[in-house]
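The values are calculated or read from the model by the stated rules, or taken from the named source; none is laboratory data. These numbers were taken from a predicted model, which means no experiment stands behind them. Note that each Cβ is placed from the backbone with ideal geometry, even for glycine, and that neighbours are counted across all protein chains shown.
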Amino acid sequence: MSDTTYLAEGPRTAIRPFTPADADEFTARARESRELHRPWLFPPTDPDTYAAYSTVLIEDPSKAGFLVCERHGDGAGGDGAVAGFININNIVIGGFRCGALGYGAFAHAAGRGLMAEGLGLVLRYAFGSLGLHRLEANIQPGNEASIALVRRAGFRLEGFSPDFLFIDGAWRDHERWAITAEMR
């Protein structure tokens with residue numbers, strides 16, 4: 001754990017920004033989670049790639065990156081262990097006040113409800129401190145775990161986008177899910 005200044009805390013998780021010092025833990029967890037993430041997600045698995053990835057999240061005002069951290073040890077992580085990550089990309093302010101979510105759980109945390117709690121904290125922070133009105137999540141139709149996560153958080157299905165994102169060497173179809181501040 002590199003930083004214990006949390007932006008929001010829940011009973012079992014807390015969220016905080018990415019830091020350069022998180023490289024070793026993040027990349028180790030990403031390597032351990034390859035089977036869980038593929039073919040949906042490709043987080044950085046080496047220090048150089050992590051450095052580039054985290055620098056953009058830290059410095060680019062159109063992005064906000066959050067590590068979902070466990071608050072209490074239960075034999076699977078411990079205080080401050082990184083359970084996953086949630087990023088808000090393409091943040092637009094003004095009349096739109098919207099962003100696009102990207103996220104992933106790490107294998108040791110999958111299925112334990114930690115990401116659901118972490119997503120709730122990110123939503124509270126995004127609609128509060130960041131002043132956003134709407135968040136979108138674009139999800140490949142076969143990614144049942146990701147769809148279940150946003151559905152539990154109160155997102156609504158708004159449509160289907162063929163050939164929407166270039167992932168793993170091909171243009172992939174995505175479902176568009178969204179939530180607004182009023183829906184929370």
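Numbers below:
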| read-out | value |
| --- | --- |
| When residues of region 58-73 are limited to those that are out of contact with any helix residue (DSSP H, G or I) (no Cβ under 9 Å at 6 or more places or on another chain) and in contact (Cβ under 8 Å) with a residue 40 or more places away in the chain, the one farthest from HIS174 (Cα to Cα) | HIS72 |
| GLY131 being part of a loop (DSSP other than H, G, I, E, B) and either modelled with pLDDT under 95 or in contact with a helix residue (DSSP H, G or I) (Cβ under 8 Å, 6 or more places away or on another chain) (or both) | no |
| Cβ pairs under 9 Å, 6+ apart, first in region 90-104 and at negative phi, second crowded, with 19+ Cβ neighbours inside 10 Å and hydroxyl-bearing (Ser, Thr, Tyr) | TYR103/SER146; GLY104/SER33; GLY104/SER146 |
| Odd one out for LEU157 among (1) at pLDDT below 95; (2) more than 14 Å from PHE66 (Cα to Cα) | (1) |
| Residue match in region 18-30 (condition: in contact with a strand residue (DSSP E or B) (Cβ under 7 Å, 6 or more places away or on another chain) and hydrophobic (A, V, I, L, M, F, W, C)) | yes |
| Output for region 92-115, where each listed residue is surrounded by 20 or more Cβ atoms within 10 Å (Cβ to Cβ) and assigned to a strand (DSSP E or B) | GLY99, LEU101, TYR103, GLY104, ALA105 |
| Top-ranked residue of region 18-50 - restricted to ones that are among the aliphatic types (A, V, I, L, M) and surrounded by 13 or more Cβ atoms within 10 Å (Cβ to Cβ), ranked as nearest to the chain's Cα centre (by Cα) | LEU41 |
| Inter-residue pairs, beta-carbon under 6 Å, first under 15 Å from ALA51 (Cβ atoms) and in a helix (DSSP H, G or I) and in region 21-32, second of a type in the set (Gly, Ala, Ser) and modelled with pLDDT under 95, 6+ apart | ALA21/SER2; ASP22/SER2 |
| Residue among ALA126, ALA83, ALA137 that alone is assigned to a strand (DSSP E or B), farther than 24 Å from GLU25 by Cα, among the aliphatic types (A, V, I, L, M) and modelled with pLDDT of 95 or more | ALA137 |
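For every residue, the table says whether it meets (1) part of a loop (DSSP other than H, G, I, E, B); (2) touching a helix residue (DSSP H, G or I) at 6+ places or on another chain (Cβ under 7 Å); (3) of a type in the set (A, V, I, L, M, F, W, C); (4) closer than 21 Å to PHE42 by Cβ.
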site: GLU117; (1), (2), (3), (4): no, no, no, no
site: PRO141; (1), (2), (3), (4): yes, no, no, yes
site: SER161; (1), (2), (3), (4): no, no, no, yes
site: ALA178; (1), (2), (3), (4): no, no, yes, no
